[in-house]
1. Using r as the Cβ-Cβ distance of residue B:61 and residue B:13, and R0 as 51 Å, what FRET efficiency do you calculate, to the nearest 0.05?
2. GNM, chain B, Cα, under 10 Å: largest mean-square fluctuation among B:131, B:189, B:85?
3. Based on the mean of other beta carbon atoms within 10 Å per residue, what is the order of B:100-112, B:159-171, B:241-253, most packed first?
4. What is the projected area of the convex hull of the Cα atoms of segment B:109-223, averaged over all directions, in nm²?
5. If I fit a long axis through the Cα atoms of helix B:2-30 and take the longest principal axis of the Cα atoms of chain B, what angle between them do I get, 0 to 90°, rounded to 10?
6. Rounded to whole Å and ordered largest first, report the semi-axes of the equivalent ellipsoid of chain B derived from its Cα gyration tensor (root of 5λ).
7. Would you mind calculating the gained length between residue B:172 and residue B:94 on full extension (0.36 nm times residue separation, minus the Cα-Cα distance), in nm to one decimal?
8. Among B:117, A:1, which comes first, second and so on when ranked by fewest other beta-carbon atoms within 10 Å?
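Just so it is clear, none of the values below were taken in a lab; they were calculated from the coordinates. Just so we're clear, the structure is a prediction, and the values are computed from it rather than from any experiment. Positions of Cβ are generated from backbone atoms using ideal geometry, with glycine treated the same way; all protein chains shown enter the neighbour counts.
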């Protein structure tokens, strides 16, 4: 069997393969997807692990919303036993607050880093407060603690911890 | 032929088993969110929450300046909108003649007709608003509180048409620009949803009395459990003459007004 015009077809096929798989090669070097963890200037450990929150945070929020508004269950017991008040307030307390160095960020800005990237429109902040001066201080007594009160890592931990959990 | 059919049946069964296998997978995913939720011991609970407003005391207060209204609206970020057609209110002052049009006449309660008195959602035992809501956004909790879930509200305003007491307001505009003071502990609402008094369910969860009851300067407002004989509301209702708004509709309001006989 003879291949006619092989001198065009074979390089063309090779070129096509390269172009078609270009995204894979470009990403092979550990290219960034543009995602990073939301800023957390207070250094408090998040309610659950980073891997869990990365995948499930919206599911957690939707579940919280239904449980609080419709069932009246307002306290979240994390897998490590810490108690949290269910609500965006709890998220905002860390992710929407100015740090000790005056670098301020709103939770809306933190969320939109990823949600904006995938062009998902969040309307949470039409009603919920994206930041509140003194929110962290106000949050502390609101974290009901049946067992272990989360150690107020606060500013102390912020200096030692590079990346929020 | 037979073998082929048998093989296909086997394959079908295997495929079905494979599909069934997915279900536990999803279930595992769902239960990855820890679900053991503790209720804080501080929360106030009741069989049926109710409010008693003593109009005799309310009448005497000269200098409260509608403390109940301001406390509530400040607490819940209720906007103060100048345009009366866009007005939003959870609790407000209304003349007795407007609240009890069928129960006051020129002899009985003549003095009440002109008295401004607090009006709010009655948290009916048979709430007409929840029956007409197409999305289940408004519903009655087991403890009798009729609450709004603004997440599910689509703004159809059926509930406003159904409510015989005018207790519901619609957000014709974004309320935030009209808020002079913002309480960061309570959300605002967005344009296009209905809102109303919630009997301060968020405060009850923290073990606190409703904002209006706390703010009332003359002690005219009482709040408690109708199912509890020791509750102040039951005692007040047993010992005093009370009226409710539009009782003929059968909605069974949970807001009682004490009047002199």
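1. On the way: r = 77 Å, r/R0 = 1.52.
FRET efficiency, residue B:61 to residue B:13: 0.10.
2. Between B:131, B:189, B:85, it is B:85 that shows the largest mean-square fluctuation.
3. Numbers: B:100-112: 13.5, B:159-171: 19.5, B:241-253: 15.8.
So the order, starting with the most tightly packed, is B:159-171, B:241-253, B:100-112.
4. Numbers: hull surface 36.4 nm².
For segment B:109-223, averaging the hull's shadow over all directions gives 9.1 nm².
5. Relative to chain B, helix B:2-30 is tipped by roughly 30 degrees.
6. On the way: eigenvalues 441, 91, 77 Å².
Value: 47, 21, 20 Å, ordered largest first.
7. Numbers: separation 78, 0.36 × 78 = 28.08 nm, distance 2.23 nm.
Computed gain between residue B:172 and residue B:94 is 25.8 nm.
8. On the way: B:117 20, A:1 2.
In increasing order of surrounding Cβ atoms, one gets A:1, B:117.
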